[in-house]
Amino acid sequence: MADLGKLVDELSSLTVIEAAELSKLLEEKWGVSAAAPVAVAAAGGGAAAAAAPVRLLRGAPAACIEAHGTTVIITTPAERIEAAQFIDCTGAWAHDAAFAIKPVKGQMLAVELPPEFPLPITVRTEHFYIVPRIAGPNAGRAIIGATVEDVGFDKQVHAAQIDALHRQAAGLLPQIANARVIESWSGLRPATLDGLPLIGAHPTKQRCWLATGHYRNGILLSPATAHVMAQLIVGEQTATPLEAFAPCRPGVSRV
């Protein structure tokens, strides 16, 4: 086996273009693809939805959540719902006032990749990322993000910040400097006081659970979070220790 330390050093010195060529070679020779986990997660989600149908209530925020014996009662403007368990996974809109969760705005944009530059890998720096779409209806574009703004629930998109992101990305990949901007938008990340998510039982409400506060990693961690939440609810040993994310840990709860 090759010296792993030496191998890591060599890989760290690759340029973006060299890394892209390496990624292509790995996929062609051994079938290793960065898109594979995404496809698996999507397939798993489809199977779960088919096995356990989900009813979506639009425009029906939870106004009151009360635990009564073996039942949790969720009151919304639309109707009153009774459930055996309740999970608050509403991100920046997390319902419980006992926890200091705040929205952190992120603006981003999508650009059309030049045909001569089919970027096959994600590029990430301390201040921005470039994520190519290599399959599906959005193949051929790349997502560039994202700003970090403490402005409450404001989701307005500003041309100056979008242009700045585009320039930063082009500074690393000159090939996208003149790439057409397809669209721009913003989102709200749920941030906790210590930057770690809240995953586990509510400290004061029986049969109530929290799965929120993932900040910038919500999409990435959603399959794993769903897995451990299911394990918690049925009383199984979780696949990974969750003490660091417990809602009752010091510094994140007001109760």
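Name every residue in the stretch 130-158 that is polar (S, T, N, Q) and closer than 21 Å to N178 by Cβ, in order of residue number. Result: N138, single match. Reported count of residues in the stretch 91-121, each being buried (at least 16 other Cβ atoms within 10 Å of the Cβ) and in contact (Cβ under 8 Å) with a residue 40 or more places away in the chain, is 21. Evaluated against (1) under 20 Å from E183 (Cβ atoms); (2) in contact (Cβ under 8 Å) with a residue 24 or more places away in the chain, H127 falls short on exactly one condition, (1).
Where a number appears in this text, it was derived from the coordinates with a stated rule and is not lab data. Note that the coordinates shown come from a computational prediction; the quantities given were computed from them, not determined experimentally. Note: ideal-geometry Cβ built from the backbone for every residue, glycine included; neighbour counts use all protein chains shown.
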